[in-house]
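Everything below concerns the one structure shown next.
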Amino acid sequence: MAGTAPIPAEELQAVVAAVRPWLAGEAEQPPRAVLSAAVKTSARWLSQQVPGRSVELRVPPFVAVQCVPGPRHTRGTPPNVIETDAATWLRLATGALSWAEAVAEGRVIASGNRADLSGILPLGPLRR
């Protein structure tokens, strides 16, 4: 994220607000561009708040970011990888789903000793 402008909390809140009815089961899935904006902005906001290169968060097909301080990998697959789908990621980011629930239910695949975002999620500006 070096060289990019910080994402304001208000921008994060606005893009996620557009998908909250869907996350709550009160609306149909939003258009791909709206969903993409919410996923990318929230993942990039996380990487701003918890900078580092020891964990790679993947939310295919929308985004992959590196975050969490610690040892940096330089080649191949990183040792600490978290992968999930868009709906699960956004529910984790907003606090609608706990990390423990998501892992227990198989909604998150986490490998490596640093691949645990339970102390970081939900994202501060998205907490209700």
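The values are calculated or read from the model by the stated rules, or taken from the named source; none is laboratory data. A quick note: this is a predicted structure, and the numbers were derived from the prediction, not measured. Methodologically, a virtual Cβ is constructed for each residue, glycine included, from the backbone with ideal geometry; neighbour enumeration extends over all protein chains shown. Surface accessibility is based on the protein's heavy atoms, side chains included, excluding ligands, DNA and RNA. Shrake-Rupley method; radii C 1.70, N 1.55, O 1.52, S 1.80 Å.
Let's see how each residue does on (1) of a type in the set (D, E, K, R); (2) in contact with a Pro (Cβ under 6 Å, 6 or more places away or on another chain); (3) under 24 Å from Ala14 (Cα atoms):
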{"position": "Ala86", "(1), (2), (3)": "no, no, yes"}
{"position": "Trp89", "(1), (2), (3)": "no, no, yes"}
{"position": "Leu97", "(1), (2), (3)": "no, no, yes"}
{"position": "Glu101", "(1), (2), (3)": "yes, no, no"}
{"position": "Gly112", "(1), (2), (3)": "no, yes, no"}
{"position": "Ile120", "(1), (2), (3)": "no, no, yes"}
{"position": "Pro125", "(1), (2), (3)": "no, no, yes"}
Residue match in region 23-41 (condition: in contact (Cβ under 8 Å) with a residue 12 or more places away in the chain, closer than 19 Å to Thr4 by Cβ, open to solvent by less than 10 Å² (accessible area, probe 1.4 Å) and not basic (Lys, Arg)): yes
Close pairs from region 68-85: first within 20 Å of Val103 (Cβ to Cβ) and open to solvent by 30 Å² or more (accessible area, probe 1.4 Å), partner at pLDDT below 75 and not aromatic (Phe, Trp, Tyr), Cβ under 7 Å, at least 6 apart: Pro79/His73
Residue in region 44-59 that is touching a Lys or Arg at 6+ places or on another chain (Cβ under 9 Å), modelled with pLDDT of 95 or more, open to solvent by 20 Å² or more (accessible area, probe 1.4 Å) and part of a loop (DSSP other than H, G, I, E, B) present: no
Which numbered condition Asn113 misses (of (1) open to solvent by 80 Å² or more (accessible area, probe 1.4 Å); (2) under 12 Å from the mean Cα position of the chain (by Cα)): (2)
